[in-house]
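Okay, so here's the structure we're looking at.
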Amino acid sequence: MSVIIPTYNESENIPVLLKRLSSLNMGSTGSLEVLFIDDNSPDLTWEAAIRHCVNTDLNVIVVRRFGRRGLSSAIIDGFMFAKGEYLTVMDADLQHPPEYIPRLLSAALKGHELVIASRYVAGGGTEGWSLLRTLISRGATLLARIMLLEARSVRDPMSGFFLVKRTLLSRCSKLNPLGFKILLEILVKCSPASVAEVPYIFRQRLKGRSKLGLKTIFEYVVHVLKLSGWRPFKFATVGALGYVVNVLATTISTILTPHFYLRNLVGIETSTLFNFTLHELWTFKDRRGGSVLKRLVAFHGAVVPAITTQYIIAQALYYLAGAPEAVSILLGVIVGFIVNYLISELGVWSSRRDEGV
């Protein structure tokens with residue numbers, strides 16, 4: 001068992017952390033290998049780890065990195081230096097209590113390739129969080145579950161405390177995380193066959209300052225978008241092209257009827273078929289599980305709320321506000337976009353191609 005601990009300015013927490021790691025009863029696994037991957041901390045965290053490890057029976061490795069920064073890249077370096085078959089990732093600030101490590105290993109020994117210490121399963125929770133901190137965490141979790149199919153199978157895809165088998169990492173495509181949530185990267189790129197969640201209580205930081213800030217939040221959002229294949233932007237691009245098709249079809253259908261309320265219906269149906277085709281070939285090409293006809297029917301049924309919203313807004317703007325046809329259609333499309341995307345992401349294309357019907 002190797003425990004990988006990325007650090008930056010955590011020197012005050014090192015003595016307590018090492019003492020608690022040393023006191024763990026790991027059964028037949030023997031003593032732990034503990035790796036501190038430090039980004040050349042100004043408070044000399046790396047030096048504190050070297051100084052205090054002599055008072056333990058742990059096998060401690062300290063890696064001092066120069067010119068490299070970032071929690072996720074530190075963890076990846078830890079994976080390369082570690083010798084254990086089972087690799088646990090945790091923070092140094094004791095928000096992740098070391099006493100849960102034997103429970104993670106116990107679950108892994110039952111055959112799970114990835115074991116997540118979870119705040120959001122029965123028995124788990126958080127300690128001393130403000131309302132803002134809770135909202136940030138829940139919002140980030142919701143974003144991951146909406147955008148990433150793999151995140152929907154677990155309750156706490158945002159956990160920074162987890163155990164992974166080395167054999168799983170050997171099957172991964174290249175890990176290249178941005179920001180601090182490498183677990184999402186593993187869920188998406190490694191496709192673990194079996195995942196378990198072990199409840200734990202997220203504790204308050206012992207000493208030092210939290211590193212969560214606006215930059216971290218921004219990097220997380222970009223990371224999720226990147227893992228999704230930039231799907232919302234693809235969806236928006238298709239929607240923009242669909243708008244052009246809608247306007248053209250509405251205009252051309254003048255040869256059939258002069259009434260806008262009928263021509264608008266023609267435009268909506270034409271653009272719906274157009275959008276579905278591009279989503280199949282581009283936006284959701286990895287999610288084409290089952291029959292294309294079933295997805296087409298489901299797409300029509302699922303986007304009814306968005307189409308209804310789009311139609312009502314377009315009619316209201318045209319007839320009540322006197323807006324031009326093109327403007328009426330555009331604003332209707334914008335209002336219906338979010339509803340359309342969510343239903344498509346969570347409903348129509350909610351399984352992978354290899355999952356079958």
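Below are the figures for this structure:
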quantity	calculated
Cβ-Cβ under 8 Å pairs, at least 6 apart or on other chains, region 169-192 side on the phi > 0 side of the Ramachandran plot, far side of a type outside the set (Gly, Ala, Ser) and modelled with pLDDT of 80 or more	179/71; 179/219; 179/220; 179/222; 179/223; 191/150; 191/171
Selection from region 278-291 of residues that are under 18 Å from residue 233 (Cβ atoms) and of a type outside the set (D, E, K, R)	278, 279, 281, 282, 283, 284
Test: residue in region 249-267 that is closer than 19 Å to residue 341 by Cβ, of a type outside the set (Ser, Thr, Tyr) and loosely packed, with under 14 Cβ neighbours inside 10 Å	no
Flag if residue 119 is within 23 Å of residue 4 (Cα to Cα), in the same structural domain as residue 171 (by TED's automatic domain parsing) and not small (Gly, Ala, Ser)	yes
Cβ pairs under 6 Å, 6+ apart, first in region 294-308 and in the same structural domain as residue 348 (by TED's automatic domain parsing), second hydroxyl-bearing (Ser, Thr, Tyr)	none
Yes/no for residue 172 being surrounded by fewer than 19 Cβ atoms within 10 Å (Cβ to Cβ), touching a helix residue (DSSP H, G or I) at 6+ places or on another chain (Cβ under 9 Å) and not aliphatic (A, V, I, L, M)	yes
Close pairs from region 237-250: first within 13 Å of residue 278 (Cβ to Cβ), partner at pLDDT 90 or above and among the hydroxyl-bearing types (Ser, Thr, Tyr), Cβ under 7 Å, at least 6 apart	238/283; 245/270
Condition met for residue 240 (over 23 Å from residue 187 (Cα atoms), modelled with pLDDT of 85 or more, of a type in the set (Gly, Ala, Ser) and loosely packed, with under 14 Cβ neighbours inside 10 Å)	yes
Every residue from region 137-148 that is β-branched (Val, Ile, Thr) and either in contact with a helix residue (DSSP H, G or I) (Cβ under 7 Å, 6 or more places away or on another chain) or free of Cβ contacts under 8 Å to residues at least 12 places away in the same chain (or both)	146
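The values are calculated or read from the model by the stated rules, or taken from the named source; none is laboratory data. The structure displayed is predicted, hence computed values, not measured ones. As a convention, Cβ positions derive from the backbone with ideal geometry for all residues, glycine included, and neighbour counts pool all protein chains shown.
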